[in-house]
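One structure below.
The values are calculated or read from the model by the stated rules, or taken from the named source; none is laboratory data. No experiment lies behind these values; they were computed from the predicted model shown. Reconstructed Cβ throughout: ideal geometry from the backbone, glycine too, with neighbour counts over all protein chains shown.
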Amino acid sequence: MASRYEEQHDYSCNECENCGATDGLLRCSRCHAAWFCSLKCHKAYWPFHKSACRRNDFADAIEQQEPQFAAWMRKHGKLAMLQDDEVDRLERSSRPGGWLGLGRQEVMEAMYGRADPRPAAPTYDMAATAAATQQQQQQQQSGAAVVPVSSSSTDRAWQEINVPEGLGFAATRFKWRQNLSHVEVFMRLPGSVQPKQVCVQLSPSSLAASAAGDVLLAGQLAAAIKLEHSTWYCDDGILYMQLLKRNRRGHYSNGATAADTFWFSLLAAATGADRLPGPHPPTHYYSSAYEADDLAAL
């Protein structure tokens, strides 16, 4: 007989959240509740997954001993479930005199340790907060921009974005690269910009990206894209865009060849050093990755 949290579900029947594949699945390292068949599917589905993607320390702590219970908690968004005796201990600890001389905080730590479902208390004191507030006010009065220092995670993520020689362009705050089916664009956001302040407008022939009202990149694309299968998201202070080429390997325009799928620049108006050398694509472009034929019907 199934326990109350199993609810007759088989948690071994997982599939990719983006494409529905069931082979070679990898679990999201943050929430441990979603599965993806590849990093490409994870990136493509991130705009829809990010609102539900959060850690569950309680489920992580009990996963080895109670894997089905941990999966049930993640599936239903439960942070913790207190049994009757636990509730009773907490209630008694709140009364005068406590419970065995322990207060509510000590009881919570004894029962849960790091899996306490409540958020951790701030690690800074009132003096540090007042000093930071005063510094920010002084900078605003002097007209100086308040720009936080770039985090090490942003620096690391930016350094890990490699652009193969001849297949794209890399600058201090902007990179793009391509393969036989996709063009990927990366922009490092100003330190003061939040993801909700980023706006990206895509059309089959153009793109416009701005942050906090300031234009980051805008113009006509070098070639057409499939708008319905192009996406973007922000993570670790970086704007990621993945554009599916309309003319790509396996889906050529009439009379086109693999050489015609190569973009010599991201924007049509690019000139000089902003364009890749021609007139032909580098030979290693023809062996680059490309989208599988599961988009053949598009």
In the stretch 222-275, the residues that are farther than 25 Å from Ser210 by Cβ and either outside the structural domain of Leu189 (by TED's automatic domain parsing) or aliphatic (A, V, I, L, M) (or both): Ala256, Ala258, Ala259
message: Out of the strands (runs of 3 or more DSSP E) lying entirely within the stretch 183-282, which hold 3 or more residues that are among the small types (Gly, Ala, Ser) and modelled with pLDDT of 90 or more?
response: 206-211
- prompt: Could you say whether any residue in the stretch 155-173 is surrounded by 11 or more Cβ atoms within 10 Å (Cβ to Cβ), among the basic types (Lys, Arg) and modelled with pLDDT of 90 or more?
  reply: no
field: Qualifying positions in the stretch 50-70 - under 26 Å from Asp235 (Cα atoms), part of a helix (DSSP H, G or I), out of contact with any Pro (no Cβ under 8 Å at 6 or more places or on another chain) and not charged (D, E, K, R)
entry: Ala59
- prompt: surrounded by 14 or more Cβ atoms within 10 Å (Cβ to Cβ) and of a type in the set (S, T, N, Q) - does that describe any residue in the stretch 49-64?
  reply: yes
task: Any residue in the stretch 39-63 that's at negative phi and in contact (Cβ under 8 Å) with a residue 40 or more places away in the chain: show its pairings with residues that are assigned to a loop (DSSP other than H, G, I, E, B) and crowded, with 17+ Cβ neighbours inside 10 Å at Cβ separation under 6 Å, as long as the two are six or more apart or on different chains.
output: Ala44/Asn18; Phe58/Ala80
